[in-house]
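Read-outs: derived from the displayed coordinates by stated rules, not from any lab. Nothing here was measured: the structure is a model prediction, and the numbers come from that model. Reconstructed Cβ throughout: ideal geometry from the backbone, glycine too, with neighbour counts over all protein chains shown.
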Amino acid sequence: MKYLLTFPVVLFFSLFCQQAHAQKADDIIGIWMPSEGTSYIQIYKSKENEKYYGRIVWLKEPNDEKGQPKRDPEGELVLKMINLKEFVFEGEEWTDGTIYDPKSGNLYYCTIEMPSKDKLEVRGSLDPFGIVGRTDVWVRMKAK
């Protein structure tokens, strides 16, 4: 008999916990630091198309060896560059976006998951299915 009471209680708490961890689309908005710790990316929502983008807002070393502002292989300034583009929120992740690596000049397919409110798992891949690629963990920067 006590097992009959235990099951509904466990079910209630498991459903409650799932709701507590469910994220909203705008939860991704903020400033994030990739695992290398050499840059900060500000993720924001575009007013024009309601998609999410990321801009490089801080570099640990903003200048190259000649003392000039860092540029990507195409000659574009790295600081303030938009390197995350056109993400849409689909249930539990941000998909259909791309990530640009200003060091190599390569563009990758990208998805973003948020396992907790202060952690992102950013997966860049060569293929649109995310099979050939790597995942980097980004942490939210706290406002001072």
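With neighbours defined as other Cβ atoms within 10 Å of a residue's Cβ, the residues ASP127, ASP101 order from fewest to most as ASP127, ASP101. Mean sequence separation of contacting Cα pairs (under 8 Å, at least six apart), scaled by the length of the range 22-140, corresponds to a relative contact order of 19 percent.
So which chymotrypsin sites (Phe, Trp or Tyr not before Pro) in the range 45-140 are both in a DSSP loop and have at most 12 other Cβ atoms within 10 Å of their Cβ?
PHE129
Grab the Cα-Cα distance for VAL137 and GLU121, subtract it from 0.36 nm times how many residues apart they are, and report the gain in nm with one decimal. Intermediate values should be presented prior to the final figure.
Values: separation 16, 0.36 × 16 = 5.76 nm, distance 0.47 nm.
Length gained, VAL137 through GLU121: 5.3 nm.
With Kirkwood's inverse mean 1/r over C-alpha pairs for Rh, give me the Rg to Rh ratio of the range 22-140, two decimals please. Don't jump to the answer; show the numbers that get you there.
Working: Rg = 14.1 Å, Rh = 14.6 Å.
That ratio equals 0.96.
The lysines whose alpha-carbon is closer than 26 Å to the alpha-carbon of LYS66, local same-chain residues fewer than 8 away aside, are LYS80, LYS103. For the range 77-144, relative contact order (Cα pairs under 8 Å, six or more residues apart, normalised by length) works out to 20 percent. With the convex hull of the Cα atoms taken as the outline of the range 70-144, the averaged projected area works out to 6.0 nm².
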